1. Considering each of D393, D443, D412 in turn, give the residue that is in contact with a strand residue (DSSP E or B) (Cβ under 7 Å, 6 or more places away or on another chain), at pLDDT 95 or above and of a type outside the set (K, R).
2. Quick one: how many residues across the range 185-207 are in contact (Cβ under 8 Å) with a residue 60 or more places away in the chain and more than 10 Å from the ligand (Cβ to nearest atom)?
3. If I filter the range 230-244 for residues that are surrounded by fewer than 19 Cβ atoms within 10 Å (Cβ to Cβ), within 12 Å of the ligand (Cβ to nearest atom), not aromatic (F, W, Y) and not in a helix (DSSP H, G or I), do I get at least one hit?
4. Limited to the range 360-387, what total is found for residues that are acidic (D, E) and in contact (Cβ under 8 Å) with a residue 60 or more places away in the chain?
5. How many residues, within the range 126-146, are in a strand (DSSP E or B) and closer than 30 Å to Y484 by Cβ?
6. Among the numbered criteria (1) within 12 Å of the ligand (Cβ to nearest atom); (2) at negative phi; (3) buried (at least 22 other Cβ atoms within 10 Å of the Cβ), which single criterion is violated by N211?
7. For the range 217-229, how many residues meet the condition of being within 16 Å of the ligand (Cβ to nearest atom) and either assigned to a helix (DSSP H, G or I) or in contact with a Ser or Thr (Cβ under 7 Å, 6 or more places away or on another chain) (or both)?
8. If you go through the range 431-483 one residue at a time, how many are assigned to a loop (DSSP other than H, G, I, E, B) and aliphatic (A, V, I, L, M)?
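The values are calculated or read from the model by the stated rules, or taken from the named source; none is laboratory data. A quick note: this is a predicted structure, and the numbers were derived from the prediction, not measured. All Cβ positions, glycine included, derive from the backbone under ideal geometry; neighbour counts span all protein chains shown.
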Amino acid sequence: MSKSVIVVGTGNAALCAALAALETGAQVTLLEKADEALAGGNTKYTAGAMRFAYNGIDDLLPLLRDPNDSRLGDTDFGSYDTEKFGDDLLGFNDGRPLSDEQQTLINTSGETMRWLASHDVKFEPIYSRQSFEKDGRHVFWGGLTLAAENEGVGLFDMELAAVERLGGKVRYNSAVTGLVMEGTRVVGVRVGDEELRADAVILASGGFEANEGMRIERMGANWKAAKVRGTPHNTGDGLVMALGIGAAEYGLFSGCHATPMDLHMADFGGLDLPPGERKNYRKICYFLGVMLNADGDRFVDEGINFRNYTYAQYGAAILEQPGQFAWQVFDSKVFDLLYGEYRFHDAHFVEAETLNALVAQLKGVDQTAALATLTAYNDAVDADVAFDPTVLDGKGTRGITPAKSNWAQKIDQGPYRAFPVTGGITFTYGGLKVDQDGSVLSDQGAKIDGLFACGEIVGGVFYAGYPGGSGLTSGAVFGRRAGYGAARA
Ligand SMILES: Cc1cc2nc3c(=O)[nH]c(=O)nc-3n(C[C@H](O)[C@H](O)[C@H](O)COP(=O)(O)OP(=O)(O)OC[C@H]3O[C@@H](n4cnc5c(N)ncnc54)[C@H](O)[C@@H]3O)c2cc1C
């Protein structure tokens with residue numbers, strides 16, 4: 001007899017779990033808290049970018065919707081092997097070795113992408129944000145090359161279509177409010193007064209980033225003011241339910257992915273915006289300029305690495321500043337290199353012909369100190385090194401703290417622009433401990449029978465930071481594993 005599986009959520013992790021369980025012949029019902037329009041959680045808000053290990057273009061072609069794209073012949077994708085992926089994750093571990101979850105993510109990232117493609121979930125190269133033109137060729141940088149066709153909404157649509165093709169059913173407006181237990185075994189869920197039973201339950205209900213109280217309790221008072229970049233529905237429900245029946249806490253609960261965002265955006269991400277505009281409140285080209293806080297000081301090395309490796313930490317860095325805001329300052333030399341989000345019709349910025357006049361418009365900032373900081377920065381720029389945004393160009397500063405290690409051009413050519421930013425939380429890192437089958441483990445390290453988890457709710461995948469594009473891959477890797485595990489249980 002086929003197994004019955006309930007999946008909580010309809011994001012990328014949930015849909016991958018459902019797909020894997022369906023492949024084995026299980027009957028799968030997905031329960032979604034949101035209505036149909038907001039289903040898909042944070043997944044729908046994403047750019048659909050996915051990081052995975054590959055050895056060259058031959059590994060990418062089978063994943064592409066259009067393997068005959070005429071640009072492919074003029075493109076250098078390079079390679080990104082498992083070792084490099086491991087090094088990138090280690091770079092954010094604050095000295096911790098790679099966790100079991102990280103090893104799993106790295107080692108099964110490539111096969112999971114091929115598995116998605118086998119279900120007609122297809123991808124396209126991220127020419128606009130992950131490559132620069134050099135000598136007539138598109139040169140990719142930072143190990144991140146592909147995004148789902150039509151970004152996060154496309155990923156959701158393609159995965160949902162695959163799930164429905166195999167017979168999966170979705171119920172919207174069905175917030176899971178509790179787990180049904182028989183002894184120590186999970187045998188179903190509660191949706192309000194209704195009890196729904198199944199052989200296995202997979203929690204794929206996201207992190208707790210949209211729960212202000214939990215943010216403050218787990219991550220500190222700075223996080224009260226954070227904008228939420230994605231869905232309002234990821235309020236830690238599944239996490240609280242699992243912890244309530246004795247699941248182990250795992251990973252870094254004070255850690256999260258948070259990026260610089262427009263200070264004046266709404267409190268949550270806007271799925272109401274047209275697809276191409278959804279990421280436009282993000283402001284992550286700080287590596288082309290500098291960031292100043294209310295004291296007029298710089299507070300991070302804006303060019304310490306490719307922005308893939310810094311953007312997920314710099315939201316937190318801004319929230320640690322007085323007043324929890326900063327200004328990103330650029331001169332006209334880099335206007336053409338700024339991503340489209342800086343030209344978005346609702347992007348907030350000030351502009352002036354001179355630096356003095358620009359600084360006079362930086363609301364909330366000590367203007368004398370700001371001008372002194374900009375002058376000191378300009379004086380410290382190494383003029384002998386050429387600027388090249390396609391590589392870590394080593395064009396740095398000398399004798400100032402913090403240094404800017406790469407892409408440090410003088411800010412000296414008007415007009416000048418400054419954009420006010422704050423920190424926007426993307427997703428939280430602390431979560432549940434799962435085993436190799438995706439089973440949720442208890443405080444004592446034992447399987448909680450009948451309960452599985454995947455996606456943001458799984459801890460131990462990310463610590464002090466995050467190489468861009470790893471969240472979706474993690475959801476797919478752990479979702480697929482939990483789906484197979486639940487169907488076998
Ligand atoms: C703006 C933005 C851009 C991003 N860009 C990228 C990117 O390009 N690449 C990348 O790798 N990652 C990106 N991320 C991170 C990525 O979104 C997450 O890592 C990933 O989507 C998490 O998938 P998930 O399935 O675990 O959670 P989600 O996709 O958030 O799904 C969780 C689901 O659970 C539902 N839910 C919550 N509580 C309940 C309940 N009680 N009952 C029923 N359902 C419930 C929610 O409504 C939601 O549908 C981005 C995130 C944001 C916000």
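1. Details: D393 fails: in contact with a strand residue (DSSP E or B) (Cβ under 7 Å, 6 or more places away or on another chain); D443 fails: in contact with a strand residue (DSSP E or B) (Cβ under 7 Å, 6 or more places away or on another chain).
Just one listed residue meets the conditions, D412.
2. First pass over the range 185-207, keeping only residues in contact (Cβ under 8 Å) with a residue 60 or more places away in the chain: 185-189, 191, 196-207.
Filter again for more than 10 Å from the ligand (Cβ to nearest atom), leaving 185-188, 196-202.
Total satisfying the criteria: 11.
3. Let us first name the residues in the range 230-244 that are surrounded by fewer than 19 Cβ atoms within 10 Å (Cβ to Cβ), namely 232, 240, 243-244.
Cutting the leftovers down to within 12 Å of the ligand (Cβ to nearest atom) gives us 232, 240.
Okay, now just the ones that are also not aromatic (F, W, Y), so 232, 240.
Checking the rest, the ones that are also not in a helix (DSSP H, G or I) come to 232.
Checked the range 230-244: at least one residue is surrounded by fewer than 19 Cβ atoms within 10 Å (Cβ to Cβ), within 12 Å of the ligand (Cβ to nearest atom), not aromatic (F, W, Y) and not in a helix (DSSP H, G or I).
4. Step one: of the range 360-387, the residues acidic (D, E) are 366, 379, 382, 384.
Then drop every residue that is not in contact (Cβ under 8 Å) with a residue 60 or more places away in the chain, which leaves 366.
Going through the range 360-387 one residue at a time, the tally reaches 1.
5. Residues of the range 126-146 that are in a strand (DSSP E or B), as a first pass: 131-134, 137-140, 146.
Pick out the ones that are also closer than 30 Å to Y484 by Cβ and you get 146.
Residues in the range 126-146 being in a strand (DSSP E or B) and closer than 30 Å to Y484 by Cβ: 1 in total.
6. Condition not satisfied by N211: (3).
7. Initially, the range 217-229 is screened for residues within 16 Å of the ligand (Cβ to nearest atom), giving 223, 226-229.
Cutting the leftovers down to either assigned to a helix (DSSP H, G or I) or in contact with a Ser or Thr (Cβ under 7 Å, 6 or more places away or on another chain) (or both) gives us 223, 227, 229.
Adding up the residues that qualify gives 3.
8. Initial filter on the range 431-483 (assigned to a loop (DSSP other than H, G, I, E, B)): 433, 435-438, 443-446, 454, 459-469.
Retained after the next criterion (residues that are aliphatic (A, V, I, L, M)): 446, 461, 464.
So the answer is 3.
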